[in-house]
Amino acid sequence: MHQGGPFQTSAVGILSRPVFAARPCAASNRSGLSRERAAAPCSHRMLCVIAYRAEISEKLMQKRTDSFTKMPGFGCLTEPLLAEHGERRQKLGNNEASRRKGGVRYKSGHGIRPRPAGPKGQKAVISRMVHAGARAILIALLVAMPALFLAERSQDGAQIIALVALVAALLTFVEYVGDYPSIIEFRDAPPFNRIRFLALLFTVLTLTLIGRGETHPSSLSLLFEHVGSGVGNLLDFPYSPVRLMVLVATDEMTPRQIDMMRTGAGLSYLVSLVAITSFIFMVRVLDWPVRRGAFNFWINLPLFDPAVGKDVLYRLKRDGKVNVALGFLLPFLIPAIMKMATEIIDPISLTEPQTLIWTMSAWAFLPASLIMRGIALTRIAELIEEKRRRAYEQADLQAV
């Protein structure tokens, strides 16, 4: 023990001695106070001892040498502190390394995602742009397909189709390249939109090839025409959607054009039925949409506000039923509306191949899309109801 002063003793002695022990204060003795006053606990001495102990502890945490931790009576105090301090510094180092490697993490509507930074973040951004660009090109080709395969008679019509294709491609690219949704539903819940796109693409493609077969016949166009004619004749019974669509034909149309209407109606209606059946299989058998992870309500239903109106479960079930019912009735309502519109305004000319293609595609695609949306909303309502039931059961078990 050093004798240079009251605060130059060893660290072991200071930490092993009680803090509030009654010992004469050197400052009191030098000022000439009595022994009784000097023997009493001194607040100045207590503050100095506390400050000295804090200084010793800080030095121990900074030095962390083996010789210091092996001091007599000191290892049991310093080793746990130094181990905890080392683990904390190691975790901070790992977090710093992950931050520099993957980018700063931030909160967004999707949850916590790494902000693109470095080669890995740039690769993710480029991949998203490539996927969005591919979708935009496919949409543009879908819109321009009838005009590309069939001869366009007017220059103005070709320019309008090119403009519509460009606008559709731009909207698709903007929708899929951004983090936040706008109007497209079930964007991150495949294969809902993929089934709809494939159904519309196949319908437009087959009808375009059948129309092209009138001037440039091929084996593929003859095959599609034969299949469509058979399905159209099979579905052409009284009060069927195909029969109602055939009744829209005007008196100026030739029997060949009426047969083309029946073929297009039968083929497009068959494609819509296949799309609906495929989606039902995905929902009931492959457990859509939770098969690939959690379902994000805000991203996949951007136009649905859960804070407005009644309970979310009630609204989802109601909207699902309305969509299914409307999708079932539209194939019957659209021909009736077209027939009544012919008495008020000039009817559209179904003798034009492109007009016939888009009319038949919309007549079959819109009801199928509504039915699929109704099935999807009903499925989401079932998932929410099941989650609520589990939460109530867990709460009851915890209460017991």
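Readers should treat all values here as calculations from the given coordinates under stated rules, not as data from a laboratory. The shown structure was predicted, so the numbers you read here are calculated from the model rather than taken from an experiment. In this analysis, Cβ positions are derived from the backbone assuming ideal geometry, glycine residues included, and neighbour counts consider all displayed protein chains.
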Inset, instruction - For the stretch 120-179, just say rounded, prolate or oblate: build the C-alpha gyration tensor, square-root its eigenvalues into a ≥ b ≥ c, call rounded for a/c under 1.5, and beyond that prolate if a/b exceeds b/c, oblate if not. - result: prolate
Legend entry - For R284, R243, order by how many other beta-carbon atoms lie within 10 Å, fewest first: R284, R243
Inset, instruction - For a footprinting-style exposure proxy, rank M245, M282, M360 by other Cβ within 10 Å, fewest first. - result: M282, M360, M245
Legend entry - Normalised per residue, the volume of the convex hull around the Cα set of the stretch 186-399 (Å³): 158
Inset, instruction - Could you please rank R128, R291, R187, placing first whichever residue has the fewest other Cβ atoms within 10 Å of its Cβ? - result: R291, R128, R187
Legend entry - Rounded to whole Hz, the Karplus (6.51, -1.76, 1.60) HN-Hα couplings of the stretch 237-249, x for glycine and proline: 10, x, 6, 7, x, 5, 5, 5, 5, 5, 5, 6, 4
Inset, instruction - Please work out whether the stretch 156-257 counts as rounded, prolate or oblate from its C-alpha gyration tensor, where a ≥ b ≥ c are the square roots of the eigenvalues and a/c under 1.5 means rounded, while otherwise a/b larger than b/c means prolate and anything else oblate? - result: prolate
